[in-house]
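Step one of this worksheet: look at the structure below.
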Amino acid sequence: MPDTMSAISRAASAHTAWTPYDAGVVQLSPQRRAEDLRRLAGEEFDLVVVGGGVTGAGAALDAATRGLRVAIVEARDWASGTSSRSSKLIHGGLRYLEQLDFGLVREALQERANLLGTIAPHLVQPVSFLLPLNHRLWQRIYYGAGIAVYDVLGATLGNARGLPHQEQLTRKQARALFPSLRKDALVGAIRYWDAQVDDARFVLTLVRTAVQYGAVAASSTRALDFRRDGERVTGLLVRDLESGREIEVRAKAVIAATGVWSDDVGAMLDDPTSLRVRASKGVHIVVPRDRLHGETGLILRTETSVLFTIPWGQHWIIGTTDTEWELDRAHPAASSSDIDYVLEHVNRVLERPLSRADIEGVYAGLRPLLSGESDATSKLSREHAVVRPSPGLVLVAGGKYTTYRVMAADAVDAIRDDVPGVPASRTDRVPLLGAHGFESAWRSRGKAAARHGLDVARMEHLLHRYGTLTGELLRLIAERPELAAALPGAPEYLVAEAFYAARSEGALHLDDILTRRTRISIETEDRGTAAAESIARLVAPVLGWDEESSALEVEHYLARVEAERESQQQPDDRTADAARLGAPDVRGADVRGADVRREPHLVAVPLDADAQ
């Protein structure tokens, strides 16, 4: 496979240092997508991956780094489902340690070490948590012993970023770290360390890295059916939702990494698979950082779930719930009762209770859990399963975000009967784009900020989002200084980041930029409505939008925000779901219709084009 191997060689040479422009990095541009759609129609692949969440993206990278000819398709945007709506933690899972599932904890801690040290040190950052104690003796002994095992396992597995071990704290010491804690809410606390990640950006970076290693990638491309020769799956029929065109994709093997849609694979085969998945809804709220005073996160036990209060830049993320969900899987809705649950439980320990007026954003995600005998979703398995329901087809489901790489490697291993000679996985040693040279770039961030006329905090923001690919944004700003301005209504982000999202990061719609390339939709009180129109004007030349298309993008986004706000006023899941479905999906004929569909824009956009 000379083409694939030369791509691997190019990728390796492109990441030897942090150059100002990282000129060798493949861009997920509209032009690239058009070319990849042509390749989907014209080539035969060793493997096609269905599903652009963390597991699917991980499988595409795993296969590409093994030298396979691989393609990945996603019906909506990269990470548009579960993988952008998590608690954004990379952790071993103290909960599983309590259940004596040492194997799962050990596996997760190994992956945490890989992510912090080699794979994505720019995207995965250490974060500490306080575990408040209500009993002076037995809780300190019980939880302290558990966290000690956690620390020992983490250390022996090669914690490359040197996470500190637990600290036993008095009440006074704990409240010094988190002054917003009520004095009577604890008698002491234990502080321990894990890690966090911007889940959507991590998935996007997986996809971009897979493309750098030769993969074909097409979002907004829905799998309609399998193609078969007898019992053997030989490919897919897919539809490009941007143009309506249907494409036959030929492949020796297909991996379905479709999360909460896994049961639909059996329907496409006309034969239910042995792997059954149930959806558990988790709801989080986002509040401004100044609403709580603390230097660390909190972890609280509730009757049905674990509730985290997580520092998130200039915000706090608080959640989650854990309830069964059987309604719309594409857009799970948070109800008023979900929000009340989160507020009620976090307020039990806060000196100044939070109210709905403090909430900037709310998001709901669905965890794909392997079905078991218990009716309680919190007791279903977080472990993953890989099955081969038909020759040429592998289905992977379950698991947790932290162990995505293990799931992906197991799924690619399972295609060996269909693609003989597949070598072993190597992704535990493969840095993602932006990772190589990150530590050096971080140490020199002050000088880089001064050189480019930015403050250090802004440079740190960029480095934690793009790693050494920050050079690409700095080049844009040097050539178009107006891109250095802050986005209206979202001062944490530069105009350049929205432009780069469309030009280089595969964003096809306004919602992609506001919800996943940035987190403006949950980090601003207006949920991104102030920035929507200016961003649409900015990226219209890149994405080939005319005035009507731009207006439709803004109209859709505003309708989505309104529908989500309405759903969050409803008392239960069914009424919330009905309200959320009031805003149709921007992809496909739901909004645009045949008369306004267009082919991806194929003309390069000059850097001096109007950015306003």
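The values are calculated or read from the model by the stated rules, or taken from the named source; none is laboratory data. What you see is a predicted model, and the numbers here were worked out from it, not measured in a lab. Here the Cβ positions follow ideal geometry from the backbone for every residue, glycine too, while neighbour counts run over all protein chains shown. The protein model used for the area step is the full one, side chains on, heavy atoms only, and it has no ligands, DNA or RNA in it. Shrake-Rupley method; radii C 1.70, N 1.55, O 1.52, S 1.80 Å.
Within the set of other residues whose C-beta is less than 12 Å from the C-beta of Ala579, count the net charge using Lys and Arg as +1 and Asp and Glu as -1.
With Lys, Arg at +1 and Asp, Glu at -1, the net is -3.
Please report the orientation-averaged projected area of segment 207-274, defined via the convex hull of its C-alpha atoms, in nm².
Working: hull surface 22.6 nm².
So the Cα hull casts an average projection of 5.6 nm².
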Among 225-233, 207-215, 39-47, the order from most to least packed when residues are scored by Cβ within 10 Å on average: 207-215, 39-47, 225-233
Å² of accessible area per residue within the chain, as computed with a 1.4 Å probe and no ligands counted: 37 Å²
q = 0.05, 0.08, 0.09, 0.10 Å⁻¹, the chain: log10 I(q)/I(0) [Debye, one scatterer per Cα]: -0.20, -0.54, -0.69, -0.87
Computed [θ] at 222 nm, deg cm²/dmol, the chain (DSSP H ≥ 4; -39,500 (n - 2.57); rounded to nearest 500): -10500 deg cm²/dmol
Label-to-label distance, nm, for residues given as Ala41 and Gln27 (7 Å Cα→Cβ offset): 2.4 nm
The chain, dipole about Cα centre (Lys/Arg Cβ +1, Asp/Glu Cβ -1), debye to the nearest 20: 2100 debye
Within segment 289-414: Cβ-based charge dipole about Cα centre, in debye rounded to nearest 20 (Lys, Arg +1; Asp, Glu -1): 320 debye
The chain - percent of accessible surface contributed by carbon and sulfur, probe 1.4 Å: 51 percent
³J(HN,Hα) computed for each position of segment 50-67 - Karplus, 6.51 cos²θ - 1.76 cosθ + 1.60, integer Hz, glycine/proline x: 9, x, x, x, 5, 6, x, 4, x, 5, 4, 5, 4, 5, 5, 6, 8, x
Packing-based order for 509-515, 193-199, 346-352, 391-397, using average beta carbon neighbours within 10 Å, highest first: 509-515, 391-397, 193-199, 346-352
Separation of alpha-carbon centers, segment 108-125 and segment 321-338, rounded to whole Å: 30 Å
Farthest toward positive dipole pole in segment 239-294 [+1 Lys/Arg, -1 Asp/Glu at C-beta], among His284, Ser262, Leu241: His284
Centre separation in Å (Cα based) which lies between segment 466-541 and segment 394-408: 31 Å
Rg over Rh [alpha-carbon atoms, Kirkwood Rh] for segment 391-487: 1.20
Segment 45-81 and segment 215-277: distance between their alpha carbon centers, rounded to Å: 12 Å
Beta bridge orientation in the chain: antiparallel %, DSSP, nearest 5: 75 percent
Loop-located trypsin sites (Lys or Arg not before Pro) in segment 233-281 whose Cβ has at most 16 other Cβ within 10 Å (DSSP): Arg245, Arg276
Over the chain, relative contact order from alpha-carbon pairs under 8 Å, at least 6 apart, %: 19 percent
Arg443 versus Ala559: modelled label distance in nm, points set 7 Å from Cα along the beta carbon direction: 5.4 nm
Pair-distance profile P(r), taking every C-alpha pair of segment 278-417, with 5 angstrom steps and integer %: 2, 9, 17, 18, 16, 14, 10, 7, 4, 2, 1, 0
